[in-house]
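The values are calculated or read from the model by the stated rules, or taken from the named source; none is laboratory data. No experiment lies behind these values; they were computed from the predicted model shown. All Cβ positions, glycine included, derive from the backbone under ideal geometry; neighbour counts span all protein chains shown.
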Amino acid sequence: MTFLNSILLAGAAAFLIPLIIHLLNRRRIQVVRWGPMHLLAEVLRQKKRRLQIEQWLLLLMRIAIPIVLALCLARPVMSALRALPGFGKTSLVILLDDSFSMKAAGSQGAAWDRAKEAVGRIVTNLPRGSDVQVVLGGGRPRNLLPERTSSLDLIAPALNDVTAASGPVNVEDAVKHCSALIAKAPNATRELMIVSDFQGTDWRVFTEGASLPSLDELKKNQPAPAVSFYKVENDVQENLSLASVELSAVAAAETQPVGIRVRVKNHGTRLWQDVALHLEADGARLRTTRISVPGEGETTLSLTHSFDKVGDHTLGVRLDGDGPAEDNVWTGVVQVRQQVNVLLVENEMGGAALSDGADFAELALAPHLAAAAGIKDLFATSRADHRRLREQDLKGKEVIILCDVERLPRVTDLERFVQAGGGLLIFGGPHTDIRRINSEGWRDGKGLLPAELKGLAHTEAGQRDARVLLQRFSHPALSYFNDPRAGKLSDADFRTWWKVELVHADTKPIALLDSNTPLIVEKALGKGKVVMINSTASPEWNNLPLQGVWVPLMQRLTSYLATRGTGGNAGKVGDSIRLGIEDGKGDEVFTLTPPDGTPSEITARKESSGVTVESPPLVEPGVYQLAPKAGGDARKYAFNVDTTESDLKALTNNEVNSLGQRLGAEVVASVEDYQRLDRSRRFGTEIWQAVLLVLLLLLFGEVLLEQRISRA
């Protein structure tokens with residue numbers, strides 16, 4: 001037997017109180033001899049003996065009451081009872097790694113299949129009355145079943161319906177999700193089991209000393225849950241993957257070439273020669289290129305394709321001759337459109353050519369028209385003076401670009417335009433009245449501006465001009481520039497820029513200057529987006545418009561805004577489809593068709609920003625189609641496996657053992673090892689309820705016995 005609050009056992013010393021009171025109040029008997037007394041001697045002797053027994057019994061009860069109360073408060077645990085039927089009930093939460101690496105097949109088969117079998121056997125052998133919840137940890141952690149269950153036979157069939165192809169495991173988020181479940185567990189015996197191949201990309205940071213705050217918090221619960229690491233062996237080492245694939249455009253015009261840049265990485269030591277890489281469009285193979293990839297190296301190539309029909313088209317690549325197939329395929333969606341209507345609003349029209357930002361913006365958006373190249377441009381531009389902007393100028397436009405305007409024109413109309421799904425791009429400049437534009441567009445974060453303007457900043461004389469901070473861009477409009485061959489944003493020099501203050505969670509910087517000053521910031525407003533560049537679209541404050549990167553930057557930013565900021569060409573497995581509906585009522589039904597062709601229905605819902613249809617997290621890579629059930633145009637969405645785990649090397653057994661020791665977890669490698677560990681643990685069933693019942697009986701008995709003695 002053990003105690004969860006053993007310090008409270010000290011309260012048992014309170015038994016001395018009734019004992020001392022009894023000793024202090026013992027009656028000193030004075031014998032008085034009286035002749036007829038001998039006639040009652042026998043009766044008195046028997047009565048005296050009975051009273052002594054009852055008084056001793058009363059004393060024992062009074063001594064036992066504080067002792068039993070202390071035992072109850074100390075919460076005794078009877079581990080021996082676990083062997084009996086109905087005792088030893090456990091609340092078990094299993095964090096099951098269903099990430100991409102678990103599906104890679106080694107000499108013993110896929111780790112995922114062996115993990116599911118092990119979980120099934122462990123759950124089956126739990127004591128009767130135990131409850132279980134399985135959390136799938138790949139990508140965003142999610143529950144296998146809607147609620148924890150004591151019907152243990154439901155676990156194995158549910159696991160068989162799960163496909164392991166999710167994103168990498170975010171260990172901190174996954175353990176935090178499990179902690180919330182354990183905190184609500186109904187049984188005193190609680191346990192967290194992590195079943196994983198302990199892939200290096202996910203876990204290496206913890207072997208190097210990083211803390212796991214969610215696990216530390218979990219152990220503060222009372223009773224403290226047991227933690228187990230179940231390592232599933234995976235001996236796969238060699239792997240090729242499509243480490244990154246980028247399309248040059250989110251949207252394109254008919255017959256406009258779309259570039260696709262592919263980076264193939266070899267995560268093993270073997271030399272891969274003459275590997276076939278196929279370019280595919282709309283499910284059809286277009287052409288094949290042969291590549292070689294050295295051990296621990298990579299190969300990059302660029303391809304192009306154009307579409308001659310308006311609509312959503314898929315464009316992707318596929319590798320042959322490698323093990324895990326999911327990271328050998330990448331598919332993106334290109335929106336082919338007749339044109340995107342863009343309105344350029346400038347401070348004053350009629351100047352000389354290339355004299356202001358609107359000239360440089362127009363040149364970047366329609367380069368083929370300007371060069372008379374005979375290739376159709378996606379963007380159709382028109383221009384307006386900010387002082388003469390009319391409401392009808394906004395009609396039919398998808399993106400509005402403000403270039404160094406003195407004030408925000410038609411603020412109410414612009415807000416309505418963005419709220420309805422339009423895109424707004426704002427450039428700074430010397431003509432802007434900062435005080436006025438703040439009062440019209442900031443309004444304590446409720447207006448159009450993503451951030452409040454705090455004045456101008458300059459590089460001092462003799463100092464080097466500021467440049468874009470070298471970083472890996474995650475924003476879909478800028479991720480194309482992670483490869484230097486797309487152009488280097490960091491080549492541009494900035495002499496002057498707006499100082500801004502980011503105080504709202506809705507605003508996020510998407511590019512910084514090397515002084516960590518925000519250069520490009522974004523804000524969602526209703527169904528649309530506002531992007532603000534805190535410098536000029538002309539060479540007045542910087543030389544960005546003179547760089548080769550200017551044209552693709554403007555095209556990608558404008559395409560991003562024209563597609564309502566829906567992101568890039570493809571999402572990651574584990575993400576959801578989210579689509580805003582214009583003029584929706586909140587009860588529209590959509591049909592979602594996944595890659596396997598089995599449709600399901602999703603009902604739209606009302607939100608503060610409008611009506612939205614959102615799918616559950618999508619766990620299979622491929623192309624999905626979302627269409628209104630009542631009829632209408634279908635939209636295509638592509639989702640690919642996150643290649644973070646394509647380096648399949650896992651932690652060694654020694655590393656996992658050391659990690660478990662540091663984090664306070666027991667490490668096992670088989671079901672038999674776990675069962676032996678479970679039997680050896682000194683943590684069983686709480687019996688304080690039974691002790692409390694004994695305490696109540698003692699109190700009741702003490703009252704009855706005292707009344708009986710007083711009547712005697």
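Just a yes or no: is a residue in the stretch 245-259 of a type in the set (Val, Ile, Thr), under 19 Å from residue 641 (Cα atoms) and surrounded by 21 or more Cβ atoms within 10 Å (Cβ to Cβ)? Yes, that holds for at least one residue. Given the structure, is residue 202 in a helix (DSSP H, G or I) and either surrounded by 19 or more Cβ atoms within 10 Å (Cβ to Cβ) or of a type in the set (Ser, Thr, Tyr) (or both)? Taking the combined requirement at face value, the residue satisfies it. Annotation note: of 591, 643, the sole residue that is touching a Lys or Arg at 6+ places or on another chain (Cβ under 7 Å) and either modelled with pLDDT under 90 or not assigned by TED's automatic domain parsing to the domain that holds residue 219 (or both) is 591.
In this structure, is residue 513 without any contact (Cβ under 8 Å) to a residue 60 or more places away in the chain and closer than 22 Å to residue 403 by Cβ? Here the answer is yes, as residue 513 does meet what is asked.
With respect to the conditions (1) free of Cβ contacts under 8 Å to residues at least 60 places away in the same chain; (2) surrounded by fewer than 16 Cβ atoms within 10 Å (Cβ to Cβ); (3) under 29 Å from residue 660 (Cβ atoms), residue 295 lacks only one, and its number is (3). The single residue among 447, 421, 455, 462 that is assigned to a loop (DSSP other than H, G, I, E, B), of a type in the set (Gly, Ala, Ser) and touching a strand residue (DSSP E or B) at 6+ places or on another chain (Cβ under 7 Å) turns out to be 421. Here residue 331 fits the description: hydroxyl-bearing (Ser, Thr, Tyr), within 33 Å of the chain's Cα centre (by Cα) and in a strand (DSSP E or B). Checking each residue in the stretch 170-189 for being β-branched (Val, Ile, Thr) and part of a helix (DSSP H, G or I) picks out 171, 175, 182. The residue that is modelled with the lowest pLDDT, counting only those in the stretch 341-372 that are among the polar types (S, T, N, Q) and touching an Asp or Glu at 6+ places or on another chain (Cβ under 9 Å), is 347. Go over the candidates 198, 206 one by one and state the one that is within 30 Å of residue 275 (Cα to Cα), within 20 Å of the chain's Cα centre (by Cα), in contact (Cβ under 8 Å) with a residue 12 or more places away in the chain and not assigned by TED's automatic domain parsing to the domain that holds residue 276. Only one candidate qualifies: 198. Taking the listed residues 241, 214, 228, the one that is at pLDDT 90 or above, among the hydroxyl-bearing types (Ser, Thr, Tyr), in contact with an Asp or Glu (Cβ under 7 Å, 6 or more places away or on another chain) and within 17 Å of residue 317 (Cα to Cα) is 241, with no other qualifying. Evaluation of residue 548 against the conditions (1) farther than 30 Å from residue 163 by Cβ; (2) surrounded by 22 or more Cβ atoms within 10 Å (Cβ to Cβ); (3) not aromatic (Phe, Trp, Tyr) shows that the sole unmet condition is (2). Checking the stretch 477-486 against the condition returns a match, with at least one residue being exposed (fewer than 14 other Cβ atoms within 10 Å of the Cβ) and more than 19 Å from residue 532 (Cβ to Cβ).
All conditions in (1) touching a residue at least 12 places away in the same chain (Cβ under 8 Å); (2) in a helix (DSSP H, G or I) hold for residue 245, with the sole exception of (2).
Scanning the stretch 659-701 for residues that are in a helix (DSSP H, G or I) and at pLDDT below 75 yields 679, 680, 688, 689. Going by what's in this entry, would residue 55 be described as in a helix (DSSP H, G or I), at pLDDT below 80 and among the polar types (S, T, N, Q)? It is true that residue 55 is in a helix (DSSP H, G or I), at pLDDT below 80 and among the polar types (S, T, N, Q).
With respect to the conditions (1) under 25 Å from residue 170 (Cα atoms); (2) free of Cβ contacts under 8 Å to residues at least 24 places away in the same chain, residue 154 falls short on a single one, namely (1). Every test in (1) touching a His at 6+ places or on another chain (Cβ under 9 Å); (2) surrounded by fewer than 16 Cβ atoms within 10 Å (Cβ to Cβ); (3) under 18 Å from residue 621 (Cα atoms) is passed by residue 284 save one, and that test is (1).
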